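Engineer: Right, I'll just put the structure down here and ask away after.
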Amino acid sequence: MSAAVRGTRDFYPEEMRIRNWLFEHFHAAARSHGFEEYDSPVLESEELYTRKAGEEITGQLYNFEDKGGRRVALRPEMTPSLARMVMAKSGTLPTPIKWYSIPQCWRYERTQRGRGREHYQWNVDIWGMQGVEADAELLSILVHFFRAVGLKSDDLVIRVSNRKVLEEVLGELGIEGENFFKTCIVIDKMDKLPPEAITQQLADLGHSDDSIARIRQVLEIKDLDALGIELGSNSQAVKELQDLFSLCESYEIANWLSFEASVVRGLAYYTGAVFEAYDRNSELRAICGGGRYDRLLSTFGGKNLPATGFGFGDMVIMELLSAKGLIPHLPSGNEDIVIPLDKTLRPAAMSIASRLRTSGRSVDLVLDDKRMKWAFRHASRTGAQRLVMVMPEEWQSGKVRIKNLETGEESDFDVDSL
Ligand code: HAM
């Protein structure tokens, strides 16, 4: 028993410091936009995830029967839990609801670079707003985060489209409802599967050769004007996309975005704007993804409430930050190391440590017999600011010796002044 379960991670303190640094940026970006944090249990009823559109996520469920015979699952994503929470208070929560969370999610995936069987997924969602203003605000949060961690628009791109593009194209061909969602899920696999496999899966859904050709033709469009010509002047998809891009100009984030009709997302519930961020070299999997899902509550038997949001995993972003040299060196965060010169001074060192802690400093007290030399090495390894030495003569006269490790200065201080 020497390793963590395949696809799961231990976080040793130095990794935990980096994780906390990343999460602090998640918190800060959401809070800077007025969002409040929420949470829910990692264990949910299995039925929350029994959707039949052929999504990958439903085949990757960590599900089992508990000791009471209930079918339960570890959440693979946060959105259904959030929907459950919103539905439980339906009508009583003031809208718009602007909430965020950083849940651990579980998916039985093939483990590979940037994909594990558990990951932490920053989720940011807005409920109760129909307009693209809410979608634009989410994109602003994303860019705020990217800038804060030192990434630039040359490092990554947020690819944006709208499910209504495909909805309109398929509508012309008489395809809607369940078959529409299933088609989106097949199209989402276009980058991952060979073209023949995609054609076969589309044919299996009942699409004719002509309709497959039409779908492929539209999905290649990467220019909004060209999309306008293709879908016509009354297209709601084109209007929403134009409005969204124009709002992003006002946020001054348009250079981080690109319109790509091929973005559809692999989850069934999306209904409007959809987006995914990728590194510009396309070496990594999606950094994050999200979109509008206005009709999720009715699938749980509730009354629909418009919603939009994104999920942002902790794994791919760390790959990108590491490739760009943007992961900071983080010291342990202890400010003082207190060491007694010998055993007899241990009670004195404890009393000094207590005083310093009460005054608000973080203190690493040396609890066993260690030499001064060790304390200096330990201080430089952990990045402490001061070494507080409790020595016999000084202690007798009510003083301790403090070495400032940043400046190298050393002097004696009255214990009462600490
Ligand atoms: P998703 O695209 O399935 O969307 O996941 C969102 C992000 O979570 C991915 O872009 C990736 O960063 C991360 N992620 C997903 N699976 C894994 C994995 N196995 N290992 C590492 N990272 C992973 C959703 O889950 C939607 N519920 C997001 C959403 C929120 N849409 C609206 N609100």
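The values are calculated or read from the model by the stated rules, or taken from the named source; none is laboratory data. Note that the structure is a prediction, hence the values are computed from the model and not measured. Ideal geometry is used to build each Cβ from the backbone, glycine not excepted, and the neighbour counts take in all protein chains shown. SASA here: full protein model, heavy atoms, side chains in, ligands and nucleic acids out. Shrake-Rupley method; radii C 1.70, N 1.55, O 1.52, S 1.80 Å.
Engineer: Out of Glu36, Glu44, Glu55, Glu24, report the one residue that is in contact with a Ser or Thr (Cβ under 7 Å, 6 or more places away or on another chain) and either in the same structural domain as Phe312 (by TED's automatic domain parsing) or open to solvent by less than 50 Å² (accessible area, probe 1.4 Å) (or both).
Structural biologist: Criteria check complete, one pass: Glu44.
Engineer: Checking the conditions here, which among Glu283, Glu249 is away from the ligand (no atom under 11 Å from the Cβ), assigned to a loop (DSSP other than H, G, I, E, B) and farther than 30 Å from Pro392 by Cα?
Structural biologist: The conditions single out Glu283.
Engineer: Now for a different question. State the number of residues belonging to segment 383-412 that are under 23 Å from Gly333 (Cα atoms) and surrounded by 14 or more Cβ atoms within 10 Å (Cβ to Cβ).
Structural biologist: 13
Engineer: Within segment 96-107, take every residue that is open to solvent by 10 Å² or more (accessible area, probe 1.4 Å) and in a loop (DSSP other than H, G, I, E, B) and give me the one that is nearest to Phe26 (Cα to Cα).
Structural biologist: In this case the residue turns out to be Ile102.
Engineer: Considering only segment 108-212, give the helices (runs of 4 or more DSSP H) lying wholly within it that have at least 1 residues that are under 27 Å from Gly232 (Cα atoms), in contact (Cβ under 8 Å) with a residue 40 or more places away in the chain and not basic (Lys, Arg). Don't jump to the end; show me each part of the working.
Structural biologist: Working: elements: 132-148, 163-172, 178-188, 195-204.
It comes to 132-148, 163-172, 178-188.
Engineer: For Ser233, are the conditions met, namely being hydroxyl-bearing (Ser, Thr, Tyr), in a loop (DSSP other than H, G, I, E, B) and under 24 Å from Thr308 (Cα atoms)?
Structural biologist: Details: hydroxyl-bearing (Ser, Thr, Tyr): yes; in a loop (DSSP other than H, G, I, E, B): yes; under 24 Å from Thr308 (Cα atoms): no.
No: the conditions fail for Ser233.
Engineer: Can you find, within segment 111-137, the residue that is farthest from Thr95 (Cα to Cα) among those that are touching a strand residue (DSSP E or B) at 6+ places or on another chain (Cβ under 6 Å) and near the ligand (Cβ under 8 Å from one of its atoms)?
Structural biologist: Glu118
Engineer: Another question, then. Give segment 58-95 a look and list any residue that's over 29 Å from Gln201 (Cβ atoms) and either surrounded by 20 or more Cβ atoms within 10 Å (Cβ to Cβ) or acidic (Asp, Glu) (or both), or say none.
Structural biologist: The answer is Glu65, Asp66, Ser81, Leu82, Val86.
Engineer: Related question: Kindly indicate which of Glu276, Glu260 is of a type in the set (D, E, K, R), within 11 Å of the ligand (Cβ to nearest atom) and open to solvent by 10 Å² or more (accessible area, probe 1.4 Å).
Structural biologist: Among Glu276, Glu260, only Glu276 is of a type in the set (D, E, K, R), within 11 Å of the ligand (Cβ to nearest atom) and open to solvent by 10 Å² or more (accessible area, probe 1.4 Å).
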